[in-house]
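Everything on this sheet refers to the single structure shown next.
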Amino acid sequence: MTLPDILKLAPVVPVLIIEDEAQAVPLAKALVAGGLKALEVTLRTPAAINCIRRIAGEVEGGVVGAGTILNAAMRQEAYDAGARFGVSPGLIDGEEFDDGPLPLLPGIATATELMAGLSMGYSYFKLFPANIVGGVGALKAFASPFPQATFCPTGGVSLQNAPDYLALPNVICVGGSWVAPTDAVRAGDWGRITELAREAAGLGR
Ligand code: 3PG
């Protein structure tokens, strides 16, 4: 699947910080059951790579990606574990766009970073941290000079403000952690997570 195909699977890409490998599969199944199919497991915990491996092998209907990719080695490790897309908070030195097996969604926050990313060959970007760096206003302002760029704003996005982002023509989806709150994950409250996912999957685009 190409990156746009993956980002079009649902209006929201859950951003997951999973501490315990045992939570990975039930959490992913709960999100997929609610209609969120592209899942970003951030490489921020020691369990993350094993979580990706488990989800890739055991969760049907989901596409697992790796978040917080900071360098080429992390990208390769994520791919080897079964990730099928990658997300980075910024542009990764030396990682020009390629059609390779782990398409990357790099983060940008300014026009200069966007121009650097475009010249590296990218056309899909994470606006990060979206709410801090101008949010909807910034994306509207980027639309005219940069018609070739499409965004997945992430960082401070919620059920309440997601519709404002999703209404923009240069937004393909949003990312956010609100669909998998830490307390619900720790408590194994998968029913609540499926409900949150269903609400998010129902957002218009
Ligand atoms: C992150 O990388 O942590 C994401 O931007 C998630 O941000 P959020 O917790 O504000 O949704």
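The values are calculated or read from the model by the stated rules, or taken from the named source; none is laboratory data. Nothing here was measured: the structure is a model prediction, and the numbers come from that model. Because the Cβ atoms are built from the backbone with ideal geometry, glycine has one as well, and the counts that use them run over all protein chains shown. These accessible areas exclude ligands, DNA and RNA; they are computed on the full protein's heavy atoms, side chains included. Shrake-Rupley method; radii C 1.70, N 1.55, O 1.52, S 1.80 Å.
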Query raised in the report: Which whole-number percent gives the relative contact order of segment 3-201, counting Cα pairs below 8 Å spaced six or more residues apart?
Result: 24
Report summary line: Of ALA149, ALA81, ALA141, the most mobile residue in a GNM of the chain (C-alpha springs, cutoff 10 Å) is ALA141
Requested in this report: Using only the alpha-carbon atoms of segment 18-131, report the extent along each of the three principal axes, biggest first, to the nearest angstrom.
Outcome: 41, 29, 24
Query raised in the report: For THR2 and ILE132 in the same chain, what is the full-extension length gain: residue separation times 0.36 nm, less their Cα-Cα distance, in nm?
Result: 43.9 nm
Query - Length gained when the stretch ASP20-SER158 is fully extended (0.36 nm per residue, less Cα-Cα span) - result: 47.2 nm
Report summary line: As straight-line cross-link partners of LYS29, the qualifying lysines (C-alpha separation under 27 Å, not fewer than 8 residues apart within one chain) are LYS8, LYS37, LYS126
**Report entry** Alpha carbon centroid spacing (whole Å) that separates segment 103-151 from segment 52-87
**Finding:** 23
Query raised in the report: Convex hull volume of the Cα atoms in the chain, per residue, in Å³?
Result: 100
Requested in this report: Taking the Cα centre of the chain as origin, sum charge times position over the Cβ atoms of Lys and Arg (+1) and Asp and Glu (-1), and report the length of that vector in debye to the nearest 20.
Outcome: 440
Query raised in the report: Which of the aspartates and glutamates could be linked to LYS140 by a straight reach, that is with a Cα gap under 13 Å, when you skip same-chain ones fewer than 8 residues away?
Result: ASP164
Requested in this report: Can you work out the accessible area per residue across segment 3-201, with the rest of the protein chains kept in place, probe 1.4 Å, in square angstrom?
Outcome: 41
Report task. Report, to the nearest whole %, how much of the accessible area of the chain belongs to carbon and sulfur atoms, 1.4 Å probe, protein only. Result -> 53
